[in-house]
Amino acid sequence: MKKIAEPYKILIADSDRAFVQRCKAMLSSTVNVSEIRTAHSGTECMGILKSFVPTIIFLGVDLEKMNGLVTARFIRSQYAKFTLYYIAERVEPQFPERMDSGFVDGYFTKTQFSQIVSDGAAFKRLMMH
C-alpha cells in the first residue's frame, strides 16, 4: 500500500447513519481533509464514485441494497487505484481472504475505526502504510 498524502479526500459508506456522521465529524476535526462524502448503500457509494475521486474509502460490510463485499468487488473492477478498508461490527473469517485476493487493503471493527478517527496521529499513521 502506498502513502496517502494530505489533504485527504474520504468516502465513508455504512448503513449506520449515526456512525457515519460521528466518523465524519471526528475526521473533520482531527485530520487535514479537503472533502468527506458519505453513503449509506452500495448503490449510493457507486453513484458517488462517478463524480468524486477519493484517496481512501472506508466501506461498511453491511451496506443496504448492495452489500460491502459486492461493492468492494465492483470498486476493484472499475477503480482499482483506491485504497479501501472494510468496517464491520466484528472481524469476519473471510476478511483475510478478501485482503489476499486484493479486494480490500485492510479492515477494522467499528470500535477500532472510531478510535483511529478520533486520534489524528493514529489516522496519519494509518495513511503512512
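A few remarks follow.
- Proximal charge balance of S15 [Cβ under 12 Å; K/R count +1, D/E count -1]: -3
- Remark: relative contact order (the chain) = 28 percent; criterion is Cα-Cα distance under 8 angstrom and separation of 6 or more residues.
- Normalised per residue, the volume of the convex hull around the Cα set of the stretch 12-122 (Å³): 94 Å³
- Potential lengthening between E89 and V70 on full extension [0.36 nm per residue; Cα-Cα distance subtracted]: 5.1 nm
- Mean residue ellipticity, 222 nm, helices only, the chain: the sum of -39500 (n - 2.57) across DSSP H runs of n ≥ 4, divided by residue count and rounded to 500, is -12500 deg cm²/dmol.
- In a fully extended conformation the segment linking T43 and E6 would gain 10.6 nm over its present Cα-Cα distance, using 0.36 nm per residue.
FYI, it's all coordinate maths here, none of it is from the lab. Bear in mind the structure is a predicted one, so any value in this text is a computation, not a measurement. Positions of Cβ are generated from backbone atoms using ideal geometry, with glycine treated the same way; all protein chains shown enter the neighbour counts.
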